[in-house]
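Scroll down for the structure; my scribbles are underneath it.
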2 protein chains.
Amino acid sequence: MAINSLMEDFSSLDTSSLVDKVEAKLVQLLKDQKLNVGDSIPKELELAERLGVSRTVIREALLRLRVMGLIESKKKKGAVITSPDIFGIISKSVNPHILDQSTLKEMFELRLILEIGMADFIFQRITPADIKELKQIVSKEPDATQDYLFNIEHEIAFHGKLYEITGNETLKKFQRMLLPVFDYVHHSGLLKKQVSIKRFVSHKGLVDIIENGSPEMFRNAMRNHLENHFSRLFE
Amino acid sequence: MAINSLMEDFSSLDTSSLVDKVEAKLVQLLKDQKLNVGDSIPKELELAERLGVSRTVIREALLRLRVMGLIESKKKKGAVITSPDIFGIISKSVNPHILDQSTLKEMFELRLILEIGMADFIFQRITPADIKELKQIVSKEPDATQDYLFNIEHEIAFHGKLYEITGNETLKKFQRMLLPVFDYVHHSGLLKKQVSIKRFVSHKGLVDIIENGSPEMFRNAMRNHLENHFSRLFE
DNA sequence: TTATGCATTATGTATGACATAATAAAATTA
DNA sequence: TAATTTTATTATGTCATACATAATGCATAA
């Protein structure tokens, strides 16, 4: 069909800007494995000359790579390839006020998934010192858990410690990114109202299981512990 | 102590560039909730004038926000605030060849955590059509699972479908980001050699549980299913 | 040999100009 | 008058040039 093929031609129109092209070229250069971390890339003027564009365009493309954490540029040395701290970078752009509602809700869910799923790593890597610290956190807890006016700081301290125990820094960073989102969603009108404000398995109960139980038991206990959050998602 | 306070003064030296300051100022402007998605921010020249810097600096700061997905700029309309597609953005910068080894390993672990933790969402949101599709995927599977030369595409099809069932688009994007990393780590020398190449719970077994079992059963089954991966992490 | 200062160099910042595309306003036509 | 085309305006995109700044290496002096 003539019209159809015409439409396809339209859709394949190259609408990308000059900078887009240069950026793609540079990214591909990195992906082609010809360059490793620590290697430096040609200087701006050289790139501008070789690609036949202005230094402005090159600078903008390089800037994008820099924001993405792929390179780092020093005053004299030029730009060098770096290993990006992904979550550090996106943490900057995770702004509860700006993210749309469905994304916010999904990030709320993500936390529940992570805390249930990380059981095996906790059991594999926990140390006696960790257990001691957990017990200390729990002991300091205000026992007014019934009215759900539980201290947010204690929540963060306890659950944050669990992430720490997994020994997975990326996971920890992920949590740090999720924290403000979770708090925001929790207090916004995005979810159903809190119906049952009962706490099932307590923090202390979780610690007991960590000490004497199994990953399997922990998963179920954590699922139970988070019931109040789940109940706001499912009806 | 004089020296000490002097050193503190040194450490607090402001080493940030002009663009850094402008960027921070703009981000704060967004976070201050005075602006919502869809609102447009002042034009470049106006910002340059108001902040007393050149248009070059403003452009670079705005560009950073754009790369982070916080704004989008159109030809005439100026820049408007947008809700960032976080994982879409970082997917670009997730390059297994560039990420350092420990991060790669941690992202490998992240997948295991997610797939075990997402049980409740699968059970809550699965439809009969989903089950039918899962069965179809399983039926097409090459049953040469013993020698572990299982088809990568089938792995992706099956596990990808599970992510899809959760109905969490953010989670799905997260998986898409993790996929190449997981594959890379799996085939690189980063982990221990595969010792037992036995498959415990099969894909078919998982489907059975989804159909007739509980989230609790699924978590344990998935943990078992992923044993080959876990065994390469733990000794 | 060790500092110190100087020259060099590549990125950072500033300015001015023009291109381009999207919007609004004006003009033309039915 | 209403609909359509043309034109003008405007803000971002690209280019070119100049100078500032900071890091590096070399030369010089103590």
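Summary of values
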| item | result |
| --- | --- |
| Within the range B:26-71, considering residues that are more than 9 Å from DNA strand D (Cβ to nearest atom) and of a type in the set (D, E, K, R), the one nearest to the chain's Cα centre (by Cα) | B:Arg64 |
| Test: residue in the range B:180-198 that is at pLDDT 90 or above and assigned to a helix (DSSP H, G or I) | no |
| Positions within the range B:202-232 being aliphatic (A, V, I, L, M) and part of a helix (DSSP H, G or I), in sequence order | B:Leu206, B:Val207, B:Ile209, B:Ile210, B:Met217, B:Ala221, B:Met222 |
| Residue in the range A:115-129 that is over 19 Å from the mean Cα position of the chain (by Cα), at the interface with another protein chain (Cβ under 7 Å from one of its Cβ atoms) and of a type outside the set (Val, Ile, Thr) present | yes |
| Residue within the range B:167-174 that is over 21 Å from the mean Cα position of the chain (by Cα) and free of Cβ contacts under 8 Å to residues at least 24 places away in the same chain present | no |
| Pairs where the first residue, in the range B:51-76, is within 11 Å of chain A (Cβ to nearest Cβ) and free of Cβ contacts under 8 Å to residues at least 60 places away in the same chain and the second is within 6 Å of DNA strand C (Cβ to nearest atom) and aliphatic (A, V, I, L, M), C-beta under 8 Å, 6+ apart | B:Glu60/B:Val19; B:Ala61/B:Val19; B:Arg64/B:Val19 |
| Hits in the range A:216-234 (condition: touching a residue at least 24 places away in the same chain (Cβ under 8 Å), touching a helix residue (DSSP H, G or I) at 6+ places or on another chain (Cβ under 7 Å) and more than 10 Å from chain B (Cβ to nearest Cβ)) | A:Phe218, A:His225, A:His229 |
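Residue by residue, here is whether (1) among the small types (Gly, Ala, Ser); (2) open to solvent by less than 10 Å² (accessible area, probe 1.4 Å) holds:
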residue: B:Gly167; (1), (2): yes, no
residue: B:Lys172; (1), (2): no, no
residue: B:Gln175; (1), (2): no, no
residue: B:Leu179; (1), (2): no, no
residue: B:Gly189; (1), (2): yes, no
residue: B:Met222; (1), (2): no, yes
residue: B:Asn228; (1), (2): no, yes
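The values are calculated or read from the model by the stated rules, or taken from the named source; none is laboratory data. This one's a predicted model, so the numbers in the text were calculated from it and none came from an experiment. Cβ atoms come from the backbone with ideal geometry, glycine included; neighbour counts cover every protein chain shown. Only protein heavy atoms, including side chains, enter the accessible area calculation; ligands, DNA and RNA are left aside. Shrake-Rupley method; radii C 1.70, N 1.55, O 1.52, S 1.80 Å.
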